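*Asks:* Questions regarding the structure given below will be posed in turn.
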Amino acid sequence: MNTSATPQLRPGGRSARVQAAVHQAVRELQQEDTDGLTVPAIASRAGVTPSTIYRRWGDLTQLLADVAVEQMRPDTAPPDTGTYRGDLETWLGDYLEEIASEPGRKMLRDVLCTPVPDNACRCAEFMAQQVDIIRERAIARGEHVVSTRDVIDHVLSPLLYRILFASEPPSVDDLHHWIAGVLGHRR
């Protein structure tokens, strides 16, 4: 018997179907017209009532953050180039290209503008998991590696800061400079 206060959802059940339909409706409406992005429009497109959305997500801001977090979830492991540095440069280069784009920056803003810290924490976990995969492969090859936290603190942090707050996004050269710095040698 489940005595916890949080209801247990069935994976793939009605709740998962509702979430998938609502997320799909948001993504479609975002591509069509951001002015039409309202809870009633999303509900209509998803085939649910607005009260379903309000009950599950609270408001439009929370829903947009939830969709953004799901879009930021990696769907594949980072490419394996054969070297630690190469793996970092390739994965982070792809990440930079995606997140520095206007849709990428919008996703970051959607995640960060909600009062729910879990959204940002989930995104941080996704990034750490990708760095961990790269790190574990390098260890298996016998390469010198740095901690995942060092990559986050010295590469991902300035990368995200510059994407969100600088007048121009970081370049691939900036990225390579940060990676070289964290690995202890400059190019």
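*Asks:* When region 158-173 is examined, which residues are found to be in contact with a helix residue (DSSP H, G or I) (Cβ under 9 Å, 6 or more places away or on another chain) and surrounded by fewer than 16 Cβ atoms within 10 Å (Cβ to Cβ)?
*Replies:* Result: Leu164, Glu168, Ser171, Val172.
*Asks:* Take the residues in region 132-177 that are free of Cβ contacts under 8 Å to residues at least 60 places away in the same chain and touching a Leu at 6+ places or on another chain (Cβ under 7 Å), then tell me which one is farthest from Gly86 (Cα to Cα).
*Replies:* Within region 132-177, the match that is farthest from Gly86 (Cα to Cα) is Leu164.
*Asks:* Among the residues of region 62-106, how many are in contact with a Cys (Cβ under 9 Å, 6 or more places away or on another chain) and basic (Lys, Arg)?
*Replies:* Qualifying residue count, region 62-106: 1.
*Asks:* How many residues, within region 33-83, are part of a loop (DSSP other than H, G, I, E, B) and either more than 21 Å from Val111 (Cβ to Cβ) or of a type in the set (Val, Ile, Thr) (or both)?
*Replies:* 12
*Asks:* Can you tell me which residue among Glu143, Glu70 is charged (D, E, K, R) and assigned by TED's automatic domain parsing to the domain that holds Ile163?
*Replies:* Going through Glu143, Glu70 in turn, the sole match is Glu143.
*Asks:* Suppose we filter region 79-113 for residues that are closer than 16 Å to Ile139 by Cα and touching a Ser or Thr at 6+ places or on another chain (Cβ under 7 Å); how many remain?
*Replies:* 3
*Asks:* While we're here: Of all residues in region 104-120, how many are exposed (fewer than 13 other Cβ atoms within 10 Å of the Cβ) and in a helix (DSSP H, G or I)?
*Replies:* Total meeting the criteria: 2.
*Asks:* I'd like to verify a number: residues in region 130-144 that are at pLDDT 95 or above, within 20 Å of Trp178 (Cβ to Cβ) and surrounded by fewer than 19 Cβ atoms within 10 Å (Cβ to Cβ), how many?
*Replies:* 3
The values are calculated or read from the model by the stated rules, or taken from the named source; none is laboratory data. The shown structure was predicted, so the numbers you read here are calculated from the model rather than taken from an experiment. As a convention, Cβ positions derive from the backbone with ideal geometry for all residues, glycine included, and neighbour counts pool all protein chains shown.
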